[in-house]
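Only the coordinates and a few stated rules stand behind these numbers; no lab work does. Every value quoted in this text rests on a predicted model; they were computed, and no experiment measured them. For neighbour counting, all protein chains shown are included, and Cβ atoms are generated from backbone atoms with ideal geometry for every residue, glycine included.
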Amino acid sequence: MHTTQIALITGASRGLGLEVARLYARRGIRLIVTAREVAPLQRAADEFSLLTDVVAIAGDVADPEHARRLVAAGFERFGRIDVLINNASELGPSPMPPLEQLPLQTFEDVLRVNVVAPLSLIQLVLPGMRARGSGLIVNITSDAGVQAYPTWGGYGASKAALEHLSRVLAAELEGSGVRVFVVDPGDMDTAMHRAAEPGVDLSHLPGPASVAPAFVQLLDEDAAFGRFEAQRLVAVSA
Ligand SMILES: NC(=O)c1ccc[n+]([C@@H]2O[C@H](COP(=O)([O-])OP(=O)(O)OC[C@H]3O[C@@H](n4cnc5c(N)ncnc54)[C@H](OP(=O)(O)O)[C@@H]3O)[C@@H](O)[C@H]2O)c1
């Protein structure tokens, strides 16, 4: 399989995105990374830059202007983007309210970050991928997009939408050489999960570093489409 060299990873300042970017940096994959808060993103970028070339721009993926700036900066620096990892995600309020009480504006915000923003980045990177006849798009989902967990409805509906969008995209891209994967990382001890379950001790859960190797495996996965459970992928290869 061809070597992928330039990856755009959203939400790379902490949690899963940080660990995946770390592993990619170790492989020499050049990175374009983003998150909203400047200082943690800069800290992460400084670390990656010891191993690889990095473009880091802070901003909200749901801001179309930020998405355009990010991709344009990546093209300007590296000339192309081979891998897009749509990892940044919005949970909504903590604690999470039942759907009956979910503020509609909040629901729209969740959909904007978790569904619209990934598609906006996909639309920006696809022309180059199509032209080269290769590319990898990874959209991060959750079991909450499949299972009906009370109070997880806004977030879960957004992940279900992202998954179906990915399936349709893969059908539209058949034969193009662009691969589309949906990855459920499984339960991890991260800031997002702690916000989802405030007051619950999650220290028994695996950290994101334990599932990040699955994202290295996916670089060489030949299928045109797949829904993967990262923890299972890692377990199989261990
Ligand atoms: N943790 C779990 O148990 C679990 C389970 C299943 C699926 N997932 C999925 O795994 C992915 C990573 O989650 P995580 O647990 O690693 O989350 P996390 O630790 O909270 O990290 C989220 C990252 O995304 C960034 N981010 C959030 N909203 C953003 C926005 N609007 N624009 C740009 N960057 C944004 C955050 O930085 P800023 O706050 O500075 O923007 C941070 O870098 C998500 O897609 C999540 O839905 C997680």
**Asked** What does the helix-only formula give at 222 nm for the chain: each DSSP H stretch with n ≥ 4 adding -39500 (n - 2.57), the total divided by the residues, and the result rounded to the nearest 500 deg cm²/dmol?
**Response** -13000 deg cm²/dmol
**Request:** Quote the charge dipole size of the chain about the Cα centre in Debye, to the nearest 20; the model charges only the Cβ of Lys and Arg (+1) and of Asp and Glu (-1).
**Result:** 680 debye
**Asked** Taking θ as phi - 60°, what are the ³J(HN,Hα) couplings along the stretch 154-159 by the Karplus curve (6.51, -1.76, 1.60), each to the nearest whole Hz, with x for Gly and Pro?
**Response** x, 4, x, 5, 5, 6
**Complete:** Karplus-derived 3J(HN,Hα) from phi for the stretch 178-187 (6.51 cos²θ - 1.76 cosθ + 1.60, θ = phi - 60°), whole Hz, x at Gly and Pro, runs 8, 9, 10, 10, 10, 10, 9, x, x, 5
**Fill in**
Rounded to the nearest 0.05, FRET efficiency between residue 49 and residue 237 (Cβ-Cβ, R0 25 Å) equals 0.30
**Prompt:** If the chain between residue 104 and residue 227 were fully stretched, how many nm would it gain, using 0.36 nm times the residue separation less the Cα-Cα distance?
**Reply:** 41.3 nm
**Message:** What whole-number distance in Å separates the alpha-carbon centres of the stretch 17-84 and the stretch 109-154?
**Reply:** 17 Å
**Asked** Just how large is the dipole of the stretch 125-238 about the Cα centre, in debye to the nearest 20, putting +1 at every Lys and Arg Cβ and -1 at every Asp and Glu Cβ?
**Response** 340 debye
**Asked** Taking other Cβ within 10 Å of each residue's Cβ, how do 173, 99, 16 sort, fewest first?
**Response** 99, 173, 16
**Request:** Please list 177-183, 82-88, 147-153 highest first by mean number of surrounding beta-carbon atoms within 10 Å per residue.
**Result:** 82-88, 177-183, 147-153
**Fill in**
Once amide hydrogens are built 1.01 Å from N within the peptide plane, the residues lying 5 or more places from residue 62 or on another chain with amide H under 5 Å from its amide H are none
**Complete:** Output row, site residue 164, 7 Å Cα→C-beta label point, backbone N cut-off 11 Å, window the stretch 221-237, residues none
**Prompt:** Amide H to amide H, which residues 5 or more places from residue 10 or on other chains are under 5 Å from it, using H placed in the peptide plane?
**Reply:** 85, 87, 88
**Complete:** Total charge of the residues flanking residue 139 in space, meaning their Cβ is under 12 Å from its Cβ, with Lys and Arg +1 and Asp and Glu -1, is +2
**Asked** Per-residue HN-Hα couplings for the stretch 116-131, Karplus 6.51 cos²θ - 1.76 cosθ + 1.60 at θ = phi - 60°, whole Hz, x for Gly and Pro?
**Response** 5, 4, x, 5, 4, 5, 4, 4, 6, 8, 4, x, x, 5, 4, 4
